[in-house]
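Below is one structure; the comments refer to it alone.
The values are calculated or read from the model by the stated rules, or taken from the named source; none is laboratory data. What you see is a predicted model; the values in this text were computed from it and never measured. Positions of Cβ are generated from backbone atoms using ideal geometry, with glycine treated the same way; all protein chains shown enter the neighbour counts.
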Amino acid sequence: MDLDPIDLAQKLSLVSEHWSPKAIARLNDYEIKVVKIKGEFVWHTHEETDELFLVVSGRLTIRLRDRDVVLNPGQLFVVPRGVEHCPVAEEEVHAVLIEPEGTVNTGDAGGPLTARVESI
């Protein structure tokens, strides 16, 4: 177990691709991930788990079927399990995700944006 502080900016500097979350820590059975987001993702659902988005920089819109949730730096939102959503960012967003280990970023949608999560 690493007992040193984790610098989010330093970890985010190691991320080069959008929509490619990287694990930076573990909390019990959960992964703490950093991700750079730009453009529109895919509509998807995580049937078995909630998903937490914490915006570090930029402005993230999480589209839900009945409304949009807009997050600014320092704000977070938990998408409840089973709720279809689609993250969108006009400009690059840096964010932290917290979700159970092994959660697939594209949920039930799959496709070319499905990322293999690596630790950094």
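Residues checked against (1) over 21 Å from ALA9 (Cβ atoms); (2) in contact with a Ser or Thr (Cβ under 6 Å, 6 or more places away or on another chain):
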position: VAL35; (1), (2): no, no
position: GLU40; (1), (2): yes, no
position: ASP50; (1), (2): yes, no
position: GLY58; (1), (2): no, no
position: THR61; (1), (2): yes, no
position: GLY74; (1), (2): no, no
position: GLU84; (1), (2): yes, yes
position: GLY102; (1), (2): yes, no
Of (1) at pLDDT 95 or above; (2) within 11 Å of the chain's Cα centre (by Cα); (3) not charged (D, E, K, R), SER20 fails just (1)
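Enumerate the strands (runs of 3 or more DSSP E) found wholly within segment 13-120, keeping only those where 3 or more residues are in contact with a Pro (Cβ under 9 Å, 6 or more places away or on another chain) and buried (at least 18 other Cβ atoms within 10 Å of the Cβ). Full working, then the answer.
Values: elements: 22-27, 30-40, 51-57, 60-64, 68-71, 76-79, 85-100.
Passing ranges, in order: 30-40, 51-57, 85-100.
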Picking from ILE6, ILE32, ILE62, which residue would you name as being touching a Leu at 6+ places or on another chain (Cβ under 8 Å) and within 18 Å of VAL117 (Cβ to Cβ)?
ILE32
